[in-house]
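Here's the structure we're looking at; comments come further down.
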Amino acid sequence: MRLRNWIAVVVGVVLLAAAGTIGFLVNRSALQAADEVHLADSRALAVNNSTLVGRLQLLSAGEIGDFLGENALHLGPGNVADRAMLRTFAAKSNTFKYGALLVDLDGRVINSSRTTGVPAAGHTGWKPLFTMLKSGSKAGFSSIMVVDGTYLEAVGVPVMVGGAPAAVLVGLNDVATTDLQQYTVTLSSDVHQTAVIDSTGTIAATNRTKELGAQIDPAIRRALAAQPTGSFVEYTTVAGTEMVAITVGGLPGGWSYVRAQTKKSFDGVVHTKSQTLNLTMGAMLLIGVLAMFVLGYRTQIQRRRADERFRALFQHAPDLVSVLSANGTIEYSSPSAAAVLGYDEGVLVGTSVFDLVHPDDQKHMHDQFSRLLAKREDLLRLQCRVRSAAGVFRWFEFTASNQMHNPALHGIVINARDISENRAFQERLAHEATHDALTGLPNRRRMQDELGSSLREQPVAVLFVDLDGFKPVNDAHGHEAGDELLRQVAARLTACVREWDVLARVGGDEFVILMPGVIGPSDSEAMSARIRDALTSPFLVGGVQVQIGASVGVHLAAGATDPDEALRAADHAMYAVKHSRNLAPARAGRHRAAD
């Protein structure tokens, strides 16, 4: 009997030890998978945010380029007309309200919208800007410069004369009030610091506004110097706090993106719970060996407790964690599905993940899923729309790991993060890059793209509309009244065009209408008449009635015509109409000289 009992004890101990070993392996594998996903997601988030930062910088340079494309500068030292244009540019700009400068190629100020508060010509912060311009770049970005207690960034675009740069138009912005700083503040968190730094390590934008203008930790600068494309760096602060930072360099002007937090918060609840689970399982093994004779029934209880601990590991995670079978059936879904998508716990188990994906994204996801199954231990990342319990589709970024070979998981492990707000921000940036901020109409760039696309397939009627009498209204009632008048003009022109026509604002008081498929003059002439009639009626601006008119130039462009040639022909036609009516001889003369 004793021998039988000892055999039972030995068998029980062996089985218990085997079960404990499996538990440790499962926990380690889950931790490794979670770490891989966490590192990949953190790196992707940093690269994505750095891309957005770079786009914001390039958009600011584009604003200067648009100004140069629409205005001719005299480039004389202290020229009164240039100074007036610089002040107007700074007043209207959303980015460079602090001021604008016209400097020569050595950095000496030729003209300025400000009399004070301008960085000195020899300031070291100018060096990255002129280095970029001398290398042939279309725009240059300075380091942070402190003037009278204000942190400034300079963005410069060369002024071309005869195909060669003759001067540099510089926009100055107060970094504490830029769109970049405002966007960074939206990323505020008690856990991490988000920062954008210049080439000297000065913080130019941060979600912790008190640190604006301070120097970033030297360990981060060394990491960027060693690997500017992006890396993780661990370091210890002066106070002895262990930190982890994600760095991405390569932004214009030598700028970089940094996201730093304590190592404890970076490792997060996954490591804490994993260590707790390991300690708990070790204690369970010890207790099981000592109490094998009297506590055999507790095997089932301990199994249930292990399951509960595993569920608790993902209970409060912000991401969705799922395990899929080879055909896409959801075998496990973390409890966070309730908070993120609104599905009750367990509802998604047994359903196909493809049934939750937007119909337009299903084919792409099928293809990527098949490719992932064919590669052992491969990692896949994709973005698609997923239906919530309320029937609303939201954008998610999926990171999938092939763990079919892993006996503890035997499935495709998916980590999904809601990126709807990020996608919306990207779409808004794309819209702002192709639309006029004042009227909401397509801008010149968007119009030229549409014209080129249409002319490849069909003829297009191009109508160039210039407002008559707009400048007197603008001068008499101010720029705000002029802006309101332009918005009302845009609304009336929108009511005139057909559904498939393109209406764009291409200059201060200039609009272009594209009428695809028009080959005869009747439709374009009717459109011209509608435009003139619509703009003849008085406008109510600031409680005052004003009246303007319009000169409309029409050009019928055949298919395969060069878009720039078609636009110039319509522009010439408009000036011919204006000249014949003797409305703007001076402007027409400038146009002919430019041609």
- Among the residues of segment 206-223, how many are free of Cβ contacts under 8 Å to residues at least 40 places away in the same chain, among the hydrophobic types (A, V, I, L, M, F, W, C) and under 20 Å from L52 (Cβ atoms)? 0
- Task: Kindly indicate which of D217, D198 is under 30 Å from M160 (Cβ atoms) and either out of contact with any Cys (no Cβ under 8 Å at 6 or more places or on another chain) or not hydroxyl-bearing (S, T, Y) (or both).
- Result: D198
- Item | When residues of segment 493-517 are limited to those that are crowded, with 17+ Cβ neighbours inside 10 Å and assigned to a helix (DSSP H, G or I), the one farthest from the chain's Cα centre (by Cα) | C496
- Picking from A550, A570, the residue that is part of a strand (DSSP E or B), of a type outside the set (D, E), at pLDDT 90 or above and buried (at least 17 other Cβ atoms within 10 Å of the Cβ) would be A550
- Task: Would you kindly identify the strands (runs of 3 or more DSSP E) lying entirely within segment 89-166 that contain at least 2 residues that are at pLDDT 90 or above and either under 30 Å from the mean Cα position of the chain (by Cα) or basic (K, R) (or both)?
- Result: 99-103, 145-147, 150-161
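Residue-by-condition table, conditions (1) modelled with pLDDT of 75 or more; (2) within 21 Å of R417 (Cβ to Cβ); (3) touching a strand residue (DSSP E or B) at 6+ places or on another chain (Cβ under 7 Å); (4) crowded, with 18+ Cβ neighbours inside 10 Å:
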site	(1), (2), (3), (4)
R309	no, no, no, no
L324	yes, yes, yes, yes
S334	no, yes, yes, yes
M365	yes, yes, yes, yes
S388	yes, yes, yes, no
- Test result for L73, assigned by TED's automatic domain parsing to the domain that holds G140, buried (at least 20 other Cβ atoms within 10 Å of the Cβ), over 31 Å from the mean Cα position of the chain (by Cα) and not in a helix (DSSP H, G or I): yes
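Looking at this structure, is V413 in a strand (DSSP E or B) and under 30 Å from V518 (Cα atoms)?
Criteria not met by V413.
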- Look through V347, V353 and report the one residue that is crowded, with 18+ Cβ neighbours inside 10 Å and either of a type in the set (V, I, T) or not assigned by TED's automatic domain parsing to the domain that holds V413 (or both). V353
- Query: Out of E450, E457, which single residue is loosely packed, with under 14 Cβ neighbours inside 10 Å and touching a residue at least 60 places away in the same chain (Cβ under 8 Å)?
  - Reply: E457
- Boolean, V26 is part of a helix (DSSP H, G or I), buried (at least 16 other Cβ atoms within 10 Å of the Cβ) and under 16 Å from the mean Cα position of the chain (by Cα): no
- All but one of (1) within 39 Å of the chain's Cα centre (by Cα); (2) under 21 Å from S453 (Cα atoms); (3) surrounded by fewer than 14 Cβ atoms within 10 Å (Cβ to Cβ) hold for G520, so report the exception by its number. (1)
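For residues that are outside any helix (DSSP H, G or I) and among the basic types (K, R), tally how many sit in segment 526-547. Let's see the steps before the verdict.
Step one: filter segment 526-547 for residues outside any helix (DSSP H, G or I), giving 537-547.
Those left that are additionally among the basic types (K, R): none.
Matching residues across segment 526-547 total 0.
Hey, can you tell me all the residues within segment 390-406 that are loosely packed, with under 15 Cβ neighbours inside 10 Å and either among the polar types (S, T, N, Q) or closer than 21 Å to R371 by Cα (or both)? Give the steps one after another, and end with the answer.
The first filter runs over segment 390-406 and keeps only residues loosely packed, with under 15 Cβ neighbours inside 10 Å, leaving 390-392, 405.
Listed by number, the list holds a single entry, H405.
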- Query: Which of the following residues is in contact (Cβ under 8 Å) with a residue 40 or more places away in the chain and buried (at least 20 other Cβ atoms within 10 Å of the Cβ): A91, A100?
  - Reply: A100
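The values are calculated or read from the model by the stated rules, or taken from the named source; none is laboratory data. As the structure is a prediction and not an experimental result, all values here were calculated from the model. As a convention, Cβ positions derive from the backbone with ideal geometry for all residues, glycine included, and neighbour counts pool all protein chains shown.
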